[in-house]
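**Student:** Quick one: the structure is below, questions incoming.
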Amino acid sequence: MKLTLGLIQAAIRLGNAEYNYEHMEMLLADAARRGAEVLVLPEMWNVGFFPSRRLHELADPAGKQTQALFSRMAKKHGLCIVGGSVAIQEGSNFYNRAYVMDENGECISSYDKIHGFSPSREPEVFQMGSRIPFFKVKTMSASMALCYDIRFPELIRREALGGADIIFVPAAWPAERLYHWDTLLKARAIENQIFLCAVNQGGFNGKTEYAGHSLLLDPWGEVIAQSGAGEEVLIASIDADVLQDVRGRMRVFGDRRDDVDVVFPAR
């Protein structure tokens, strides 16, 4: 089974939610016209990563504006949306949250980022999640991680063990750590024998230069498609039948030892 993905590597304006929503709708429509069946967005695209002093003014209340946009676009074009993530506010709390919409415009999953990026004080501003999402995109089993999450291989392994065949990684990853971006993503794909679709911000967001270089990887860690550094809508396809071949030739999960290959709880 083949699936065509639209990787929307947007250049986000820090603290300008009005522009970001209008611009993202234009990019979503462009990817849909070009034949994408699943659209994937970057992390924190509604406000940038992240205007902490104005977050109470800019965050999407209960995610309503974001979900309305995704629902409308999904129904109009008959596609799924893995909505990157947005800053939302519920009560007095803020969340870095992703929404997933099916082709009927229904929200089928959401995910609150689990690992906050402490150098930017993210865990001091946002409530961190604890639930791992599992959902379907078309007929493929999927899960998700957000940006810094990929530095925690235990999380991605749990998603693979839970049945995910493709993992989506929306991100706001800086250019200065581009080597880590490429290396970590390829390692996660290879060791878990999964497709991995990682969509980054491109260009500048405030004073920060983002790496771009969104990646679509096969279960061998080979590059199916990769974007450049600036804003770009990348259309590429995957063949899910590859999974059975890879997993049959390299029996990583069959050769796992449940008595050894586990992560012990912290003492």
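**Student:** On C-alpha positions alone, give me the angle between the axis of helix 178-192 and the longest principal axis of the chain, in degrees, nearest 10.
**Tutor:** Relative to the chain, helix 178-192 is tipped by roughly 40 degrees.
**Student:** To test your reading of the geometry: what angle, between 0 and 90 degrees and rounded to tens, separates the Cα axis of helix 64-77 from the longest principal axis of the chain?
**Tutor:** With both axes taken from Cα atoms, the answer is about 60 degrees.
**Student:** Here's something else I'd like to know. Taking all protein chains together and a probe of 1.4 Å, list 207, 138, 113, 76 from the most accessible to the least accessible.
**Tutor:** Greatest to least solvent exposure: 207, 76, 138, 113.
**Student:** Could you check what % of the DSSP bridge pairs in the chain are antiparallel, to the nearest 5?
**Tutor:** Roughly 65 percent of the DSSP beta bridges within the chain come out antiparallel.
**Student:** State the Cα centre-to-centre distance between the stretch 77-109 and the stretch 33-71 in whole Å.
**Tutor:** 8 Å
**Student:** Can I ask one more? Mind giving me the nanometre distance, one decimal, between the label points for residue 93 and residue 255, set 7 Å out from Cα along Cα→Cβ?
**Tutor:** Result for the modelled spin labels: 4.3 nm.
**Student:** Moving on to the next point. Can you work out D for the stretch 98-226 in µm² s⁻¹ from Stokes-Einstein, where Rh is the Kirkwood radius over C-alpha pairs, the temperature is 10 °C and the viscosity is 1.306 mPa s?
**Tutor:** 105 µm²/s
**Student:** I've got another one for you. Quantify, in whole percent, the carbon and sulfur part of the accessible surface of the chain (1.4 Å probe; protein heavy atoms only). Walk me through the numbers on the way to the answer.
**Tutor:** Values: 5690 of 11860 Å².
That fraction is 48 percent.
**Student:** Could you work out the relative contact order of the stretch 6-165? I mean the mean sequence separation of Cα pairs under 8 Å and 6+ apart, divided by the number of residues, in percent.
**Tutor:** The normalised contact order for the stretch 6-165 reaches 16 percent.
**Student:** Moving on to the next point. Based on alpha-carbon atoms only, what is the radius of gyration of the stretch 91-134 relative to the globular estimate 2.2 N^0.38 Å?
**Tutor:** Compared with the compact-globule rule of thumb, the stretch 91-134 sits at 1.34.
**Student:** Of all chymotrypsin sites (Phe, Trp or Tyr not before Pro) in the stretch 209-254, which ones are in loop regions per DSSP and have a Cβ with at most 15 other Cβ atoms within 10 Å?
**Tutor:** Qualifying residues, ordered by number: 220, 253.
**Student:** Distance between Cα centroids, the stretch 156-189 to the stretch 113-141: provide it in whole Å.
**Tutor:** 13 Å
**Student:** Let me ask another. With every protein chain kept in place and ligands, DNA and RNA left out, what is the accessible area per residue of the stretch 162-267? Probe 1.4 Å, answer in Å². Present the calculation step by step, with values, prior to reporting the outcome.
**Tutor:** On the way: 5280 Å² over 106 residues.
I get 50 Å² per residue for this part.
**Student:** Any chance you could give the angle, 0 to 90 degrees and rounded to 10, that helix 17-33 forms with the longest Cα principal axis of the chain?
**Tutor:** Helix 17-33 sits at roughly 50 degrees to that axis.
**Student:** May I ask you to give the solvent-accessible area per residue for the stretch 1-139, in square angstrom, as obtained with a 1.4 angstrom probe?
**Tutor:** 42 Å²
**Student:** Would you mind giving the average projected area, over all directions, of the Cα convex hull of the stretch 24-104 in nm² with one decimal?
**Tutor:** Computing the convex hull of the Cα atoms and averaging its projections yields 4.9 nm².
**Student:** Another one. Rounded to the nearest 0.05, what FRET efficiency do residue 19 and residue 154 give with R0 = 35 Å and r taken as the Cβ-Cβ distance? Could you check?
**Tutor:** Calculated value: 0.40.
**Student:** Compactness ratio of the stretch 47-93: Cα Rg over 2.2 N^0.38 Å, N = residue count?
**Tutor:** 1.30
**Student:** Okay, moving on. Would you calculate the separation in nanometres between label points at residue 141 and residue 125, each defined as 7 Å from the Cα along the Cα-to-beta-carbon direction?
**Tutor:** So the label points at residue 141 and residue 125 sit 3.6 nm apart.
**Student:** I would also like to ask the following. Which lysines have a Cα less than 25 Å from the Cα of residue 138, not counting those fewer than 8 places away in the same chain?
**Tutor:** Within reach: 2, 64, 75, 76, 113, 186.
**Student:** Take the Cα coordinates of the stretch 1-146, assign each an equal point scatterer, and use the Debye formula without solvent to give log10 I(q)/I(0) at q = 0.12, 0.15 Å⁻¹.
**Tutor:** -0.45, -0.71
**Student:** What's the longest piece of the chain with no exposed GluC sites (Glu not before Pro), counting a site as exposed if DSSP puts it in a loop and it has at most 13 other beta carbons within 10 Å?
**Tutor:** Answer from the scan: 107-221.
**Student:** I would also like to ask the following. Let me check I have the definition right: for the chain, take the eigenvalues of the Cα gyration tensor, multiply each by 5, take square roots. What are those semi-axes in whole Å, largest first?
**Tutor:** Working: eigenvalues 150, 93, 61 Å².
They are 27, 22, 17 Å, listed largest first.
The values are calculated or read from the model by the stated rules, or taken from the named source; none is laboratory data. These numbers were taken from a predicted model, which means no experiment stands behind them. Reconstructed Cβ throughout: ideal geometry from the backbone, glycine too, with neighbour counts over all protein chains shown. Each accessible area value is taken on the protein alone, full model and side chains, heavy atoms only, with ligands, DNA and RNA left out. Shrake-Rupley method; radii C 1.70, N 1.55, O 1.52, S 1.80 Å.
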